[in-house]
Amino acid sequence: MRAAEDESRGGDVVEGAEFSSPQEAANNALVLAFGRLQGAANRLEYILGRSLEQKCGISHLMYEVLLILGRAGGPGLSMRAVAQAQVLTTGGVTRLVDRMAAAGLVERAEDPDDRRGRLVRLTRLGEETVVRASRLHVENIRRYFVAPLPPEDVERFADDLRILSQSARDELPRLP
């Protein structure tokens, strides 16, 4: 009964971590809150990613790389920098960039600061794609992420997510 009561009122987020049963563990307010965050993120990733694939022909991960490169501008970024920004291995980002290059979205260029290094940068098609995809993505974010929330909470929620993201990023080890 207590678990049902905790669930209905959201539970006490500061309660201890002393559990005497699987039900108590599963219904812990912090476990439930994190599960809701993860579930919402997974569902939104699916909904928004599917829309990008269907209407723009790119995966959500490709879109994220296009955004990273768009923010960087100039000559581009090293594979290592892209990997760190996306929390991917350098091998994983190499395969992704290979697919993006084959699609004409990015190109590799000489690194002016390192004769042996190569940079990744947007092509004209990549620039056009990230702009078109961003228009769609913002529309979907408004529809599925912002509209369900009380308007007075949206800014605070976005700030809290930024804090959580930065805190988690700071805990990750740096790639060599």
> Over the range 44-176, how many percent of alpha carbon pairs lie in each 5 Å bin up to the one with the longest distance?
Replying inline: 2, 10, 17, 19, 19, 16, 11, 5, 2, 1, 0
> Based solely on its DSSP helices, what 222 nm [θ] is calculated for the chain when runs of n ≥ 4 H residues each add -39,500 (n - 2.57) and the sum is averaged over all residues, nearest 500 deg cm²/dmol?
Replying inline: -20500 deg cm²/dmol
>> Let me check the size of the range 35-87 from its C-alpha atoms; what are the radius of gyration and Dmax in Å?
In response: 13.3, 41
>> Quick check for me: using +1 on Lys/Arg Cβ and -1 on Asp/Glu Cβ, what's the dipole size of the chain about its Cα centre, in debye to the nearest 20?
In response: 1040 debye
> Roughly to the nearest percent, how much of the accessible area of the chain is carbon and sulfur, given a 1.4 Å probe?
Replying inline: 55 percent
> What order do you get for 74-82, 107-115, 59-67 when each peptide is scored by the mean count of other beta carbon atoms within 10 Å, highest first?
Replying inline: 59-67, 74-82, 107-115
> So for the chain, taking the charge dipole from beta-carbon charges (+1 Lys/Arg, -1 Asp/Glu), which of V130, S165, S51 sits furthest toward the positive end?
Replying inline: V130
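The values are calculated or read from the model by the stated rules, or taken from the named source; none is laboratory data. Computed from a prediction, not measured in an experiment: that's the story for all the values here. Glycine gets a Cβ as well: all are built from the backbone with ideal geometry, and neighbour counts include every protein chain shown. Heavy atoms of the whole protein, side chains included, go into the accessibility calculation; ligands, DNA and RNA do not. Shrake-Rupley method; radii C 1.70, N 1.55, O 1.52, S 1.80 Å.
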